[in-house]
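In what follows, a single structure is set out as structure tokens and then discussed.
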Amino acid sequence: MAALAVVLLGVVHVVTPTLRFLDGSPRSVWLSAAGGVAVAYVFVHFLPELAGGEASVGRMAGDTFGGFSERHVYLIALTGLMAFYGLDRLAKVDRSRRAGIPVTDARGASVDVGTGAGVFWIHMGSFGLYNGLVGYLLLHREMTGPISLAFFTVAMALHFVVTDYGLNEDHKAAYRRIGRWLLVVAVLAGFVLGAITTVSDAAIAALTAFLGGGVILNVLKDEVPSERQSRFWAFALGGAGYSALLLTL
């Protein structure tokens, strides 16, 4: 079942840039609903897991820093959030800088430019690690079993739709030509690594915390800005509906 899940996640990367119904303003109800589902998974499922993994991460770090060790897992989640906020700002600033440079296609029509090559590869490297982490956690979550796997896979698949849409907006043709395929390879590589290695409970808690922080930022950065004209009702409905399902676990 886990193998089917990783294939589904790879397919999401391949097809999302081709889904034209996600385009336009105000923001697509499907993107807002998908974001709500991903955030619900973090708050209803990931955060309780973090509380459970707090002790193991603290033991791994030792008692050198006193009360600080009790908060390691939350600091890791904050690190994930901050890291992806910095990456998003890097892409947005680079796009704004390049927007003043006129670019035309072979027919002389104006083309909306994406980021430069340097920012593109930084983004692909970081999101490649992010995707590899998701692939790894398909096999090494704190809560195991087919139902847990199904909830995780659905949440991450919808989350990938949201992140892929944003990456396609930032990087344009480079993402469609190269980037999405790199992310497919990354999630498959993470899955293979998970199949051949085993790490401690503390490491799983730390990886889960970092991913949780990244999910929160990557969803809210697209839902919160007013210029996005996000669909609050779709976001709330997705979050509330998935929360209700998660509470049945």
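Projected onto planes of every orientation and averaged, the convex hull of the alpha-carbon atoms in segment 145-249 covers 8.2 nm².
Each of M1, M124, M82 has its accessible area taken with a 1.4 Å probe; listed largest first, they run M1, M82, M124. Go ahead and run the numbers for FRET between I196 and T18, Cβ-Cβ distance against an R0 of 51 Å, rounding to 0.05. Once the sixth-power term is evaluated, E becomes 0.95. K172 exposes around 40 Å² of accessible area when a 1.4 Å probe is run over every protein chain in place.
Let's test the formula: R0 of 25 Å, r as the Cβ-Cβ distance of S96 and A203. What FRET efficiency results, to the nearest 0.05? Kindly include the intermediate steps, with their values, before the conclusion.
Values: r = 38 Å, r/R0 = 1.53.
Computed FRET efficiency for S96 and A203 comes out at 0.05.
Taken as Cα centroids, segment 23-53 and segment 118-162 sit 13 Å apart, rounded to the nearest whole angstrom.
For segment 114-190, the extents of the C-alpha atoms along the principal axes are 42, 19, 16 Å, listed from largest to smallest. In the context of the full protein assembly, D23 retains an accessible surface of approximately 70 Å², using a probe radius of 1.4 Å and ignoring ligands and nucleic acids.
The values are calculated or read from the model by the stated rules, or taken from the named source; none is laboratory data. Since the model is a prediction, treat every value here as computed from it, not as a measurement. Cβ atoms come from the backbone with ideal geometry, glycine included; neighbour counts cover every protein chain shown. With ligands, DNA and RNA removed, areas are computed over all heavy atoms of the protein, side chains included. Shrake-Rupley method; radii C 1.70, N 1.55, O 1.52, S 1.80 Å.
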